[in-house]
Amino acid sequence: MSARIDSVPAATGGDWPTVVSLGALVVAFGVVAGPLGLLAGLATALVGYILGPPYALAAGHVALVAVVPAGSALSAVVLVEAAFVLVLLVPLRRGASPGHTALVAVTSALVLAGVAWLVLGTQSIRLAAIAVLVLLGIGAYGLHRLELVRLGLVPESDDGDAATPLETEPTADSSAETTRSTTEPATDS
Amino acid sequence: MYLTRRGWTVGALAAVLAVLAVVFARPIVLAGSAFLGAWLLAHQYRFTRDIERTVDSLSVVQSPARTTIRTGDEMPVTLTARRETETALSLEITAGLPVGTTTTEPIAVTLAPSVERADRTRTSRWPIAGRHSFDRATVTATDGLFSETVTVGTTPTVAVEPPSPRTIHVGEGGDRIAASYGSHETGQTGSGIELAELREYVPGDTEKQIDWKATARHGTPYVRDYEAETDRRTLLVVDHRASLATGSRAETQLEALREIALVIAGNARRLNDPLGLVTVGDDGITNHIGMASSVVNYGSVRRHLLELEATAADTTPVATASRSDGPPTADATAASSSTIGSAETHESPPSAETTTSPIARNATGRPVAPRQDRPAPAAVRRSLDDLEGTDDTFARTLRPFYTDRQVYRERIAETPLYGAVQRTVTNTKGATWTVICTDDSRPAELHETVSLARRGSSEVTVLLAPAVLYEPGGLADLERAYDRYLAFEEFRRELAKLDGVTALEVGPADRLSAVLEAGRSRSRGGHA
C-alpha cells in the first residue's frame, strides 16, 4: 500500500500466450532464414520474454536486417511480420475491451506501415521514416486530446487557462460515506 | 496524459528504428518502427478508456473528525478511496488539505490494480484561524506507460476559531453577574446634577439647599439632595505567578483574568476614574503603576496587562503561604515540599468532609480553619505582649497559641500577594476599589490578603480563577471536577461573606457548564 506508483511495471511477458507468440516468432524466423534465423529468433524471443514485447519488436526487426537479405520474397517477410503482429496483440488481450484495443493496434500498424509503403513508392526512405514518426505523433496527440475531452479536463474557453476538474458537487452518497469512514477509520498515524 | 519513463523509452525505440531504417536503407526496419508506434497507440487508447472508467467509479472522501476546531489544535483527518471497477491502473490519491494545515506526512493512499478500497488517517494541525475548505483530492493514475492527474472527491469545510478564550464566565456559583461594570453608586449625597431626593429641612442644612418652590407648596422648608459625583479610585492587583499559567495555550487562568482586568481598566478610563496597577510575581511586586488619572495611566496599564506573562515557579514563598493555620502537620509538610497549584496538588481527591464538615476546605482538599474569628496581626501582637507580663496558668496556656499565630502572620506577610497589598493598598489614601485577580491555589494567603485590602480600601472585589476549570484534562472525571468546584465555591463564599468584599469566579463558560451539569446529574441520580 505504501509503494509509489512510479514503480508500477507495465505488463511484460511471462504467461503462456506470450510464450506461444514468442515461439511463433522463433519458428517464423527459422522458416524464413534457416538455422541463422532460428538463432536470431531465439535471441529476439529471449529479449521479448525478459524486457517485454516492445523490445522484441525492435530487436526482431534489427535482426531481420542481418538474417534476411535485401530483395527477399514478400511472402517470407509477411510470414515474419505476421508473427510480430501476434507478439503485438497478445499483451492487449488484458483489459475491459480487448477487441477495441486490438482493433486500434491493427489499424495503427496498417496505417503506419501503409503510409510508409506509399511514401516509399515515390519518395526516399528518409521521407518515409519521417512520415511514420509524424503520423505517430499526430495519432498520440489525438488520443491525448480525446482523453482530455472524455475526462472533462478541457477548459471552457479557448484561452488556455487551467483545466476544470472532472468531479461534480458532492452527492448524498458521498456524504453518507463520510459518515461511515468517520466512524470506522483505520488509523495508522 | 503524460508519458512515463518507460513510455518515453518505447517512443525512443520507434524513433531509433526509423533512423536505422534510413541508415541501413532497409524498409523492413521501418515496419518495426510502425509496429512499435502501433503498440504505443494501442496502449494509449487502453489507458484513456481505463482512466475514464476508473474516475467514473472512484469515490474519494476526505473526513475531518470535526468541523470546528480551535486554532493550533490537532485532529485526525481520514482519506477514504474506493473504486468499483477493476482496471489495470494504479492510483495514488493525496488529500487536498487546506493551505496552512500541517501533517507530519502527507495523507495519501495507493490503490493497486487489485485493491478496491483503502483509507488512511493522520493527525493534522490547524494553526490559522478562519474557514478552510479542503481542495479536491488529487488522483494520479498510471499503467506504467502513461500517467494522468485529476482531482476528485468531497471538499469539506472546517471552521478554525481564533485563539482567544471562549466565553469567559464571571459570576457567583455558576450564575453570571447581572450587571458587570460601569457607573457606580456611592450611596452619598452632595453636590451634583442628579436629584437624589426632596426632603424636609433638618437643622444643619444650608440655606442654599432649600428648594423654595417646594417650600412654598408644602408650607414647610424643603431641601433638595443631589447625588454626589465622585471618582472611584480603582486599583488592579493582578497575580501572575507560575500557578496562573494553568490551562491550555491561550486559555490560561492569567489570560482570562487579563481579559477581565482590561475590561475594568477600560471602564475606569471611560468614567475617568483614577486607575492604578500592581502586578505580583513569584518574587513579589513586578510592576507598580501608582494611582493617577486614567487619562494618564490607562495606556501604560493596558500595555503592562497585555505584556503580562506568568513568572517562573519559585516554590519557597508559595509553600510557606499555603500552610494551614496551626503547627505543621504531616499534610502541611508534604504540601510545603511541593509546588502549590501544580496539577499534582489539585489531583488529591476531596474527602466526604468537603461538603459536610463545617470546616471549610481549600481547593487542594486540605482543611482551612474558619477565618471569621481570626484576630488581626496587631491584635495578636498586642495579646502576646499582654501575656508576657504575667506567669499564671491562663497565660502559660494561651502563650503558645498566640506565639504560633504570630509566626503564621509573619509567614503570610512574606508571601508575594499579601506583601504587595500591604505595600500598596494600605498606603493608598482615600477610598479605593481594589480588584484582586488571582487563582484559588493559596486560600490562606488570599484570605489574609483580602482582609488586609478591605481594611485599606472601601471595597474589594476578588476575581478568582478556579484551577479545576482550566487544567487540561481537568474535566476527564466530571464527578471529581464537580467536587473540586464545590470546594472552590465554598472558599469563594467564605471570601464573599467578608464585609465589603465581592468574590467572583472567572472561568471558561463551557467548562463551567459541563461541571455544573455533572452536579445536576448527580443530584437527579441521588433523588432517583
Item to check | Label-point separation in nm, A:Val154 to B:Arg520, each point 7 Å along Cα→Cβ | outcome: 6.3 nm
Checklist entry - Taking a ≥ b ≥ c as the square roots of the eigenvalues of the Cα gyration tensor of region B:229-291, is the shape rounded (a/c under 1.5), prolate (a/b larger than b/c) or oblate? => result oblate
Checklist outcome for this item: The residues B:Ser33, B:Ser294, sorted from fewest to most surrounding Cβ atoms within 10 Å, come out as B:Ser294, B:Ser33
Next on the checklist: What's the ranking of B:135-146, B:196-207, A:67-78 by average number of surrounding C-beta atoms within 10 Å, highest first?
Outcome noted: B:135-146, A:67-78, B:196-207
Next on the checklist: Taking 45 Å as R0, compute the FRET efficiency from the Cβ-Cβ separation of A:Leu127 and B:Ser114 and round it to 0.05.
Outcome noted: 0.45
Item to check | Cα-based shape type of region B:461-528, given that a ≥ b ≥ c are square roots of the gyration tensor eigenvalues and the cut on a/c is 1.5 | outcome: oblate
Checklist outcome for this item: Exposure-ranked with fewest Cβ neighbours within 10 Å first, B:Lys208, B:Lys497 stand as B:Lys208, B:Lys497
Next on the checklist: Let's test the formula: R0 of 56 Å, r as the Cβ-Cβ distance of B:Thr157 and A:Trp117. What FRET efficiency results, to the nearest 0.05?
Outcome noted: 0.35
Item to check | Charge context of A:Val62, other residues only, Cβ under 15 angstrom, K/R +1, D/E -1 | outcome: 0
Item to check | FRET efficiency, A:Asp15 to B:Ser248 (Cβ-Cβ, R0 56 Å, nearest 0.05) | outcome: 0.40
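Counting only other chains, and only Cβ atoms inside 10 Å, what mean value do you get across the residues of B:55-63?
Numbers: counts 5, 3, 0, 2, 4, 3, 11, 2, 8.
Mean shielding by partner chains, rounded to a whole number: 4.
For region A:59-140, what is the per residue volume of the convex hull drawn over the alpha-carbon atoms, in cubic angstrom?
Working: hull volume 9.3 nm³, N = 82.
In region A:59-140, the Cα hull volume divided by residue count equals 113 Å³.
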Item to check | Rough spin-label spacing in nm, given labels placed 7 Å along Cα→Cβ, for B:Thr67 and A:Ala82 | outcome: 6.8 nm
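Take peptide A:135-147, look around each residue's Cβ out to 10 angstrom, count Cβ atoms belonging to other protein chains, and average those counts. Intermediate results must be reported in sequence, preceding the final value.
On the way: counts 3, 11, 2, 0, 6, 9, 1, 2, 10, 7, 1, 6, 10.
Per residue, the average neighbour count from other chains is 5.
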Checklist entry - What's the center-to-center distance, using Cα atoms, between region A:81-140 and region A:58-78 in Å? => result 17 Å
Next on the checklist: Between B:Ala196 and B:Ser57, what is 0.36 nm times their sequence separation minus the Cα-Cα distance? Round to one decimal in nm.
Outcome noted: 41.9 nm
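Kindly put B:Met1, B:Met291 in sequence by how many other C-beta atoms sit within 10 Å of each C-beta, fewest to most.
Placing the least packed residue first, the sequence is B:Met291, B:Met1.
Averaged across B:13-26, how many Cβ atoms of other chains sit within 10 Å of each residue's Cβ atom?
On the way: counts 5, 7, 4, 2, 7, 10, 3, 5, 9, 7, 3, 5, 5, 8.
That average works out to 6.
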Checklist entry - Which part of region A:111-147 falls in the paramagnetic zone of A:Ala70, meaning amide N under 14 Å from the point 7 Å along Cα-to-beta-carbon? => result A:124-126
Checklist entry - Looking at B:Val22, B:Ala95, B:Leu36, which one has the Cα that reaches farthest to the positive end of the dipole of region B:1-130 (charges on Cβ: Lys, Arg +1; Asp, Glu -1)? => result B:Val22
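Each value in this text was obtained by applying a stated rule to the coordinates, not by laboratory testing. The structure displayed is predicted, hence computed values, not measured ones. When we count neighbours, we look across all protein chains shown, and the Cβ atoms used for this are built from the backbone with ideal geometry, even at glycine.
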